1. Could you state the principal axis extents of the C-alpha atoms in segment 786-897, from the largest down, to the nearest angstrom?
2. Estimate the FRET efficiency between Y1089 and V922 by the formula 1/(1 + (r/R0)^6), using the beta-carbon distance for r and 45 Å for R0, to the nearest 0.05.
3. Which ordering of E649, E124 is given by a fewest-first count of other beta-carbon atoms within 10 Å?
4. Counting other C-beta atoms within 10 Å, which of E1123, E277 has the fewest, and how do the rest follow?
5. With r defined as the distance between the Cβ atoms of N63 and N596 and R0 fixed at 41 Å, what FRET efficiency is calculated, to the nearest 0.05?
6. Please label the shape of segment 839-979 as rounded, prolate or oblate, based on the square roots a ≥ b ≥ c of the eigenvalues of the alpha-carbon gyration tensor (a/c under 1.5 means rounded; beyond that, a/b larger than b/c means prolate, else oblate).
7. When a/c is below 1.5 the answer is rounded, else prolate if a/b is larger than b/c, else oblate, so apply that to segment 521-665 with a ≥ b ≥ c taken from the square roots of the Cα gyration tensor eigenvalues.
8. For a Förster distance of 60 Å, can you work out the FRET efficiency between the beta-carbons of Q362 and E79, rounded to the nearest 0.05?
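Each value in this text was obtained by applying a stated rule to the coordinates, not by laboratory testing. Small disclaimer: the values here were computed from a predicted structure and weren't measured. Cβ coordinates were reconstructed from backbone atoms using ideal geometry, including for glycine residues, and neighbour counts include every protein chain displayed.
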Amino acid sequence: MNRKHAHTSVLTLLMVGLVFVFFHLTGCSSSNHDHSDNQGQDSTRLMSFSTADFKYYSGGEQNDLAIFTERIAVGVANENLDQLTAWLQNDPLVLQPPEIEELGRKNLVLVTLIEGATEEQVLELIERLNASGLVEFATPVFGTEEEMTLITDAFVVRFLDTYSVGEIEAYIASQGATIVERDFLWPKCYRLSFTSQSGTNVLEMAGTFYESGMVIFAHPDFITVTEPPWQPLMEEDFETEFPQDVVVYDDNPADGQYYWGRVSSVDYPSLIDDYTEGSYKCWVAASHDPASPDRSPGDVADETYAPNMDAWMIFGPYDLSGSYWSQLKFIYEIDAPPIITGERWIYPEKGKLNFHVSVDGQTWTVSSTRSLSGIERNRYYIRQEFFRDMFGLVNIDEADQVWFALQFISDEDPTGIADEEHEQLSGVFVDDIRLLVSNTEPAQAITTDPFSCRQWALHNVGQSGGEAGWDINILPAWDLIDTIPDIPAIEDSIIVAVIDEGVDLNHEDLNLVAGYDATYDPNDPEALDSHGGPNPWDGHGTACAGIIGAKANDAGIVGVAPGVKIMPVRIASREEGKTHWTTDSDSAEGILWAANNGAQVLSNSWGGGLDSDILHNAIRDAKAMGCILVFASGNHDQSRLIFPARYEETIAVGAMSPCGERKNWESCDGESWGSHYGPELDVMAPGVMIPTCDISGEGGYALDNDYGRNNNYCMSFNGTSSATPHVAGIAALMLTVNPDLSPDDVQEILQTTARDLGDPGFDEETGHGLVDAYAAIYAAPRFGDLSVSQFSAPSPAVVGKAVSATCRITNSAPLPVGPLALRLYLSTDNQLDANDVMVGETTTTINSGNTNLDVNLLIPAETTPGSYLLIASVDDDGEVLESNETNNTFIASLHVIDSACLVVKPASVNFGTVVTGGGSQVYVELKNEGEGVLDTLVISNITFSGDAIFNNTEYNLIPSTPVELGTNESTYLGLYFMPETAGTYSGTITITSNDPNAPTTQIPLTGVATEPVTHTITASAGSGGSISPLGDVSILDGSNRTFTITPDTCRYISDLLVDGSSVGPQTSYTFENVTADHTISASFGLLTYAITASAGTGGSISPSNMVMVSCGGSRTFTITPDEHYHISNVLVDGVSVGTPASYIFSDVD
C-alpha cells in the first residue's frame, strides 16, 4: 500500500520515562572497513556555512533543514576538551558556565547556547570555532529539542552500477573527498569524509555528488539525537489548609528553621499560578520557628528563602501493596535568579531541590535532583514531575508503606534579582500533588510466570487502571495455535531481530541466537565487539526482546511469542548516564545483517530525524528479502510519524493506552506524552506500563530493593518502543503458522484484522486499529490466494429453470478458509457491478488446494432471452483475507432461452351428441410454442380422469411418454367418443410437463349419447348410370348422408331429382340434419360428338361439313383429288396424318 511519504530520519529509543538521546547516522555501513588510499591527503575539515546551505537530497527531492539555534555540534579530540571548555567560557553566545554534552562517538559533543540566539550568530560562532584550531569541525544542529539532527564530516554516496570503480574513485578524488570505507552494504557505496578541498561544508559536498548524475543517493551521514518527554504524576492542592499528616522540618537550623507551608497566591504571586487552579499553593519558606528571623519583616510578598536551608516535606506512608502501578504527580516552580553585578551574573553556591522516596520512612532514595544553577538560574522554571519507577528503587508498587519527600537545600546567599512582578520571591513553589494507583484487586496470572498477572497488554482485566478488554487478544491466539497441525514449535520456528542498543545475552527468559554489533569498529583498538549485547546500563533492547519472546518458564513475564528466537542486533549505544546515539550507516548495517542472517521479523523501537536514503535503501532491500520490518511511530504527540516508520515498506506502530485510546497527554494512564499519528500509521498496540525483561543483575532499569522484587525485570516499560515489539511478536506467530506469508501479506492481515479504534475504519489517529493476535493468527494460515480456475455451466440456460454449474476453486493457503460464498452473476459485460443479477449462491469452506463446487443457478423469470456472461465470483464480500483479489472471478458465455411453453389446441373437447352405438373423433394438438428458441418441452405424463368412456384404449391415439418437443414442434392426441349407453359424459385429460408456467395442464372432455331415430332416403337411377347408395337408405335422425351419382361410359347426368324436385345435374348430394324421409333420383343421357370435314381446291372429302357421331361409334371419310391433282396432306385435329385416300374415326369419345 502506497500510504507513506518520505520525510526526515531520526533514531529514538521510543520508550518514555528516562531521557534517551539517540543518534542516527544515515549512511551505508559495512563490516568492510577498507580505509582509503586518500588518507595521506590533507584531511583538514574546516567547514563554513550559510543559511543557503541548509538543504540535502533524499528520495530524489531537495529537502530543507531548519536550524536549531540552542545547540551546536563540535568534533573535538579528547585531549582538547578542556581547552575547548576554556574557549567557550569567553564566548557570549554560549550558555555559562558552558554545558558540554559528550555523545561518546566520533569525539562529538553538543554545546548549549543562550536563548534567543539568531541563525547568523550561530553561524558566526561556528566559523570562529572552525578557525580556532581546537576542533576538528563545528556544525549547526537542525530540528528541534526533541529531535536534533547533527552533521559531521562524513557523508555517504551510492553510485550507479553503470560506472566502474575506476570512474567512481577518479570522480571522488576530483572532488577532494576522502574515502573512508568502500562497498558499504551495497556494491559501489562509499562512506566519504569532507575536507577543505571539497568545498565549504558537507551539505554542499553531498549535493554536488547527487547533482553529478552518477549516484543513486548522496547525503550526510546524519546523527540524530532525540529526547523523549519526561513522564509526570501525584495529589494535594492546599486549598483548604496545609495537610496535618504532612511532616515538615528544616534539617539545617544553623541560620534558623524554615518550613514548607501554605501561602495565598494573592499575597505570593508567582508564575506557577498560570499553570494551576485555585488560590493557594505550597512555598518552601512559608513558616518558621519563633526563634528564627522573618525573612521579610511585615510579611509582605517580597520575601525570599533563607540561607543554608535543608527543608523537608514528607508525605506518607501510603499502602501500595494492592497496586501494580502507582503514579506521583506534581507541578513546581523554581525561582532562583542570579545576582547581577555590573555586567556579570554571579552564581552563589549551588542549591537544589531533591525528590525522595522511601519504603521505611528512614532510608531515602534520591529519585531526582533539580539544581538551582545554570540554565535554571537564568529563568523562572516551571515543570511537572512524574514518578513511577524511582531511580534506585526499581518499583515502589506493591510496597505496603511508601513515603515521598521534597527536600530543598539552599545556598549561602539567597538574594536575587526581582522576578517578573518586580518581587524578590525566591525558592520553590509546589502545587497539585497527586498519588495515583492502578488497581485494588490483584489480577489472575495468565501463565505460571509470576509477573504475567500485570501484563494488561496480553490480558486486560483493568489491572492497569484502564478499561478491561483493551488488549491484543493473545490468550485465544495461543489456544488456536495449539490446534493447528503440522507447524513447528514457536521456539524452533521464526527468528525475530531486535534492532536496538543490544539485548542481554544471558537473560534467563530469552531464547537467543547469534547477534551482531553494528557499532563495533574493528579498526578501533579500544572497541569491543558486544555480539549484540548491551552496555550494562542500556536496558531498552532487552525490554523490547522480553515483550516479543519471553519464555513461558515460571520466571518473570511471558512474551507475545513465548520462547521465539531472538537475534540481538546492536545499532546504538551511549556513555553511562548520557544520551543514546546511532548512525544511519550502523542502523542500515544492522538491518541488512539481520536480513542476511535469517531474521524474518525485524523489530525496531527507534526512529526520528530526517529522511535517509541510506536507511530507506536498507529497509527496501530487507523487505525484498522477505523481512517484516516493524517500526515505532514516535512519542512526541505529533501529527506526523517519525522516520523510518513513515516509509511505506514498514509496519508503523502507534501506542495505545489501557483504555483503548491513542496514547496522549490526556489518556487514562496519566503519563504525559503522546504517540505520533498520521496517514502512514498502520496499527496500534499497548504502549504504557508494560512489564518486561531487564538486564540481569545490577544493570538496566531495575535495581534490587528490600521487598523482594526480581531485578531482572522492570514493570513499567513504555512508549511506542513497547508497542512495536507486541506487533513484532504477533508477526512471528503469524509466520509460525504460515511461513509463506510475504511482508505485504503480514501487513494486510494486521491491518484488516485490527480492532477498530477511534473513528470507524482507518483514521490517522489510530490507523487501522488495535492489533488482534487471535484474528491475525486465525487469518495467517488461511491467507493465500483464492481463485476460480475452472467454471462450467450448461448453455443455453432456461429462464426460470434451475440448473447446476461446476466451479473449481483453488486455495493456496495451507489451511481451509471460510465459510465463504461462491456466487454466480448474470451480466451483460465482463465487469462485476451493481447491474448484475445474482443467479446462484453457495456457502462453504474451501480446503487447501483445489475444490470442485456445484452451484445451482436459476435465471429469473423476468430475464430477456439472449446472450449473456455468467460470472463466478468467490468471496466477493471479502470474508477471507487474500494476497490477490484480482483472480476471484471466472467468466463464461451463457445463452439464455425462454422456458418451454405448452399450447393445447383445442383447449377443451366437446364431442357433441352421439347416438349410442355410434362414435365421434377429435384430434388435440400439443405444441411447444413461442417466439425465439425455447427450452425443450418434455411431456412426462398424460392421464385420463372422469368418465371412463373417454379413456378408449382401443381407439384413442396417445403418444408414449416422455415426449420431447423442440421449439414449435407438436404431437397429437387422437380421441374417440363411442358411447354404448345414452347419457351426458365428462372427463379430463391431465398433461404433466416442464412448462414452468403450467407444469400441469388439463383438457376438459364432454359428450352426449342418445338412442338412435332413423329416416329412409330412397335412391334410384335411370339407365346409363348409377347412384350410391342405391335403394332405401336408413339414416339416423339429425345426421347427414351423402349420395354419389356416377354416369356410365358415353353417358352424362342429365338431372337429379330430390324429393321430386330437380336440383340440376350433380355428381354428389348431401342430406344434412335429416329429420324426415327423402327421395333422390338420377337420370342420364347419351353423349354425341361432331366431326367437321373440309377439303381445299383441287379435290373433295366425303362426307363433308359437320357430321354427328355417337360416343363409341366410328366414321369413315373419303378424300378424292380432282384431275391433275393429288392429295398433298390430311390434317386430323390439326395434326398431319399423311396423304391417305380415306380416314376412319374409331370409338369416338
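1. Cα extents, longest axis first: 43, 23, 18 Å.
2. It comes out at approximately 0.35.
3. E124, E649
4. Exposure proxy ranking, most exposed first: E1123, E277.
5. The formula returns an efficiency of 0.85 here.
6. In terms of gyration-tensor shape, prolate.
7. Rounded, because the longest to shortest axis ratio a/c is under 1.5.
8. 0.80
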